[in-house]
Amino acid sequence: MNTPTEAEIGTYIAAAGAAAWQVPGLDETTAKRPIKTVGIIGAGTMGGGIAMNFASAGFSVRIVETTQEALDRGLKVVRGNYQRSSDKGRFPQDEVEARMARFDGRLALADLADCDLVIEAVFENMDLKRQIFTELDRVMKPGAILATNTSALDINEIASMTQRPQDVIGLHFFSPANVMKLLEIVRAKHTADDVVATCMALAKDINKIATLVGVCPGFVGNRILFARQIQANKLVYQGVMPWDVDAALNAFGFKMGPFQMSDLAGLDIGWSKGAKTDNPIRDALCELDRRGQKTKAGFYDYDEARRPVPSDITAGIIQDITGAKPAKMSTDEIIENCIYPMINEAVKILEENKAQRPSDVDVVWLNGYGWPADKGGPMFYGDMVGAKAVLARMEKLGAEDSDFAPADTLRKLAADGGAFTKIDTGGLIV
């Protein structure tokens with residue numbers, strides 16, 4: 001393995017962060033649309049967190065919910081978040097009131113009509129988003145930017161519900177949105193240059209780190225995450241326990257492994273009682289009301305301090321469903337099975353021209369998913385271990401599942417001794 005110095009890693013990360021703001025083909029003199037009032041659809045965890053970014057930066061925020069109760073609850077959470085920051089000495093008490101004064105709660109989409117930018121932050125349901133954008137097209141003033149916070153859905157389909165697809169863009173914030181630095185700005189097929197320029201500038205105004213990406217399932221960050229999660233689940237079906245997978249990823253440098261992350265997020269996301277999904281282990285856990293940290297039980301058991309403890313119940317469920325006997329796998333092999341597919345998926349994203357450059361992939365994972373800084377990001381780490389090692393693992397995994405077949409560019413890098421961080425497939429093409 002090539003082991004770069006701390007200084008070399010720091011230099012790369014700084015250069016990657018600077019490059020992410022550069023959009024080839026976008027004229028620097030492109031006029032930006034004036035943004036003074038921002039509308040947010042949804043006052044839940046995402047909507048409230050997104051709204052806080054703008055209120056904290058001095059923007060007027062109009063936030064819409066379907067009921068007064070939901071609106072009051074959302075604004076109460078926002079106030080509580082600000083109050084805790086004030087109590088910790090981050091800003092004075094009068095700043096709490098100043099920020100809350102920038103919020104204007106409403107109960108109808110039509111009340112957003114004169115906003116300069118509106119961000120939809122409702123459930124990940126395409127029918128609901130199509131319905132909302134149909135209504136936004138009807139009520140919003142000409143020239144307003146219409147944004148969706150979807151984390152994986154087809155923004156071109158969402159934009160097709162309007163007569164102004166040039167005004168539609170993805171603004172994918174990461175949870176908790178008032179804390180996480182990354183903002184994936186998703187350029188759809190018809191998104192206008194001035195909308196892109198405005199949103200990139202806005203990202204700086206609200207103190208985010210932005211990357212411009214293209215439309216594909218999961219965009220850049222989640223698409224790579226999905227690849228890791230699939231492989232982690234495959235290991236469980238081979239008899240490797242979730243806590244062994246997590247321990248390996250913790251050893252790699254992630255503060256949370258895939259199953260720890262699932263428990264934190266809540267296993268019942270996208271699940272309802274009696275549902276049979278493509279994840280029967282998760283279904284069985286949820287049926288037992290083991291829905292993650294919030295119920296003090298999920299893949300793990302949790303004590304009063306929310307410390308995770310390996311669960312005999314979970315181990316039994318896994319054995320019943322998979323039929324696999326408990327198996328031990330080395331930390332290195334678990335890491336290769338989970339991390340190398342991320343590198344391969346990133347290469348496929350670059351081949352499909354859904355990211356501007358390899359270093360943008362690293363910016364996404366460093367700032368949105370807790371990738372360990374000493375390993376620079378998936379592309380940088382690929383260069384640390386070398387394309388031949390990644391290819392050898394992907395040929396094995398690809399033989400088991402064609403979705404994980406090695407990318408053509410990976411094969412070329414392995415043959416030519418090329419670098420992942422130097423891949424140039426033409427940049428972002430919509």
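If r is the Cβ-Cβ distance from Lys325 to Lys412 and R0 is 45 Å, what FRET efficiency results, to the nearest 0.05?
Numbers: r = 40 Å, r/R0 = 0.89.
For Lys325 and Lys412, the calculated efficiency is 0.65.
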Could you check which residue among Leu26, Leu366, Leu397 shows the biggest mean-square fluctuation in a GNM of the chain with a 10 Å Cα cutoff?
Leu26
Project the alpha carbons of segment 56-179 onto their principal axes and report the range along each, largest first, in whole Å.
46, 27, 27
What accessible area per residue, rounded to a whole number of Å², is obtained for segment 102-191 using a probe radius of 1.4 Å?
39
Round to the nearest 10 and give me the degree value, 0 to 90, for the angle of helix 358-368's Cα axis relative to the longest principal axis of the chain.
80
Work out how much length Asp401 to Asn250 would gain on full extension: take 0.36 nm times their residue separation and subtract the Cα-Cα distance, in nm to one decimal.
51.8 nm
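Quick one: Cα convex hull volume of the chain, Å³ per residue? Write out the running numbers ahead of the final one.
Working: hull volume 66.7 nm³, N = 430.
Per residue, the Cα convex hull of the chain comes to 155 Å³.
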Put a dot 7 Å past each Cα toward the Cβ at Leu128 and Phe226; how far apart are the dots in nm?
1.9
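By how many nm would the segment from Asp374 to Leu26 grow when fully extended, if each residue of separation counts as 0.36 nm and the alpha-carbon distance is taken off?
Numbers: separation 348, 0.36 × 348 = 125.28 nm, distance 3.25 nm.
In short, 122.0 nm is gained.
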Just how much of Val77 is accessible, in Å², when a 1.4 Å probe is used and the result is rounded to the nearest 10?
80
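For segment 9-64, just say rounded, prolate or oblate: build the C-alpha gyration tensor, square-root its eigenvalues into a ≥ b ≥ c, call rounded for a/c under 1.5, and beyond that prolate if a/b exceeds b/c, oblate if not.
Details: a/c = 3.07, a/b = 1.59, b/c = 1.93.
Oblate, since a/c reaches 1.5 and b/c is not below a/b.
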Let's see if you can work this out: charge +1 on each Lys and Arg Cβ, -1 on each Asp and Glu Cβ, no other charges. What is the dipole magnitude of segment 210-320 about its Cα centre, in debye to the nearest 20?
400
Can you compute the modelled spin-label distance between Asp312 and Gln93, with each label point 7 Å from Cα toward Cβ, in nm?
5.2
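How would you classify segment 170-271 from its alpha-carbon gyration tensor, with a ≥ b ≥ c the square roots of the eigenvalues: rounded for a/c under 1.5, else prolate if a/b is greater than b/c, otherwise oblate? Show your work: numbers first, answer last.
Details: a/c = 2.80, a/b = 2.10, b/c = 1.33.
It comes out prolate by the Cα gyration axes.
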If one compares the long axis through the Cα atoms of helix 242-252 with the longest principal axis of the Cα atoms of the chain, the angle in degrees, nearest 10, works out at 80
Roughly speaking, what is the stretch gain from Ala14 to Ser175, that is 0.36 nm per residue apart minus the C-alpha to C-alpha distance, in nm to one decimal?
55.6 nm
What residue among Ile158, Ile318, Ile343 shows peak mean-square fluctuation when the chain is described by a Gaussian network model with Cα springs under 10 Å?
Ile318
Roughly how tilted is helix 126-139, in degrees to the nearest 10 and between 0 and 90, from the longest Cα axis of the chain?
20
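Can you give the charge dipole size of the chain about its Cα centre, rounded to the nearest 20 debye, using +1 on the beta carbon of Lys and Arg and -1 on the beta carbon of Asp and Glu?
On the way: 48 positive and 57 negative charges, 102 e Å.
The dipole of the chain has a size of about 500 debye.
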Can you give the charge dipole size of segment 328-374 about its Cα centre, rounded to the nearest 20 debye, using +1 on the beta carbon of Lys and Arg and -1 on the beta carbon of Asp and Glu?
120
Using Cα centres only, tell me the gap between segment 149-204 and segment 225-283 in whole Å.
28
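If we sort 143-155, 197-209 on the protection proxy, mean other Cβ atoms within 10 Å, highest first, what's the order? Numbers along the way, then the final one.
On the way: 143-155: 21.9, 197-209: 18.7.
So the peptides 143-155, 197-209, ranked by packing, come out 143-155, 197-209.
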Taking Rh as the Kirkwood radius computed over alpha-carbon pairs of segment 36-102 and applying Stokes-Einstein at 37 °C with viscosity 0.692 mPa s, one gets a diffusion coefficient in µm² s⁻¹ of 276
When each of Lys388/Lys412; Lys181/Lys204; Lys76/Lys141; Lys276/Lys348; Lys354/Lys396; Lys255/Lys375 is checked by Cα-Cα distance, pairs over 20 Å:
Lys76/Lys141; Lys276/Lys348; Lys354/Lys396
Nearest 5 is fine: what % of DSSP beta bridges in the chain come out antiparallel, could you say?
30
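The values are calculated or read from the model by the stated rules, or taken from the named source; none is laboratory data. Keep in mind that this is a model prediction, so the values were computed, not measured. When we count neighbours, we look across all protein chains shown, and the Cβ atoms used for this are built from the backbone with ideal geometry, even at glycine. Side chains included, ligands, DNA and RNA excluded: accessible areas come from the protein's heavy atoms. Shrake-Rupley method; radii C 1.70, N 1.55, O 1.52, S 1.80 Å.
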